[in-house]
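Everything on this sheet refers to the single structure shown next.
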Ligand SMILES: [Zn+2]
């Protein structure tokens, strides 16, 4: 079910779409195959790990970038959790009840969307933009250049560089737009599901009040969860308790996925901006720079990423995307919660 509703397409810029939170296994067809055929998965993972060991000594600076990303993870998760929970809590219960009891499905959608527009979206934009910018600039400053032409001067990253700042701002904008779109899509799904769920009006109101802020994938999974509970004859009151419990966990899970993905995206963006600035300053010969995809040897290594190093054995140029089983990607991440990194080498 997750496969059908997962929106993990790669955009033209090479970013993965929004935080399509994985509920259970099998977020992708590839991931699903690997889940069913673990032998293939483990062979590919072994190859990828071998490649990782081979690549690492050349440029260990990605470890520093990962440490920066890790340090920013908990604060960003907290900030994102606050965004979605505050939005959920900001929906006025009395007004919601009036709309639902009057059977105004479209009016309910508009009312909740207005709350998101007024309270949720500005908070999201503010928190995400500042986190991405701070982390990308930190990462740019921490990135070592693979080679400089003037070895005798100390080359520091200029954090006021308008081109770098514009690129970071543009990236943050695409993420805010994507998360906004996903949140709105889910609002519509959640309200439609509540109106057609055959529950009491109280149940419909409670569902909407508890679930807004989740993703469409999570909302669909919750609808299936409720159907299962209803079929098993559990009381309506108990069903609402279980749904409320699960909704709370999934708001946190969504915040966690965004934080995991955006911390890595931000440090990778900062690294790239460092290279681009050095190239503009004549300190780095980009025609000789090759980038290599590094899979991290931890338990979050996924089958999609495991195949990328092998698909780009010669590395790629600075502005050349990596070939992947999901199409071309400019830099990690390749999917939500991806932990991959890049090595650079001068040829
Ligand atoms: Zn990855």
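The values are calculated or read from the model by the stated rules, or taken from the named source; none is laboratory data. Since we're looking at a predicted model, the values are computed, not measured. Glycine gets a Cβ as well: all are built from the backbone with ideal geometry, and neighbour counts include every protein chain shown.
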Is one or more of the residues making up region 144-164 at pLDDT 95 or above, within 22 Å of residue 61 (Cα to Cα), over 19 Å from the mean Cα position of the chain (by Cα) and part of a helix (DSSP H, G or I)?
yes
Residue that is more than 30 Å from residue 88 (Cβ to Cβ) and modelled with pLDDT of 90 or more, where the choices are 258, 329, 264
329
Quick check, is residue 242 more than 12 Å from the ligand (Cβ to nearest atom) and more than 30 Å from residue 81 (Cβ to Cβ)?
no
Residue check for residue 181: out of contact with any helix residue (DSSP H, G or I) (no Cβ under 8 Å at 6 or more places or on another chain), closer than 20 Å to residue 88 by Cα and surrounded by fewer than 19 Cβ atoms within 10 Å (Cβ to Cβ)
yes
Extreme residue, surrounded by the most Cβ atoms within 10 Å (Cβ to Cβ), among residues of region 256-304 that are within 16 Å of the ligand (Cβ to nearest atom) and in a loop (DSSP other than H, G, I, E, B)
295
Identify the residue in region 305-345 that is loosely packed, with under 15 Cβ neighbours inside 10 Å and away from the ligand (no atom under 14 Å from the Cβ) and, among all such residues, is nearest to residue 267 (Cα to Cα).
319
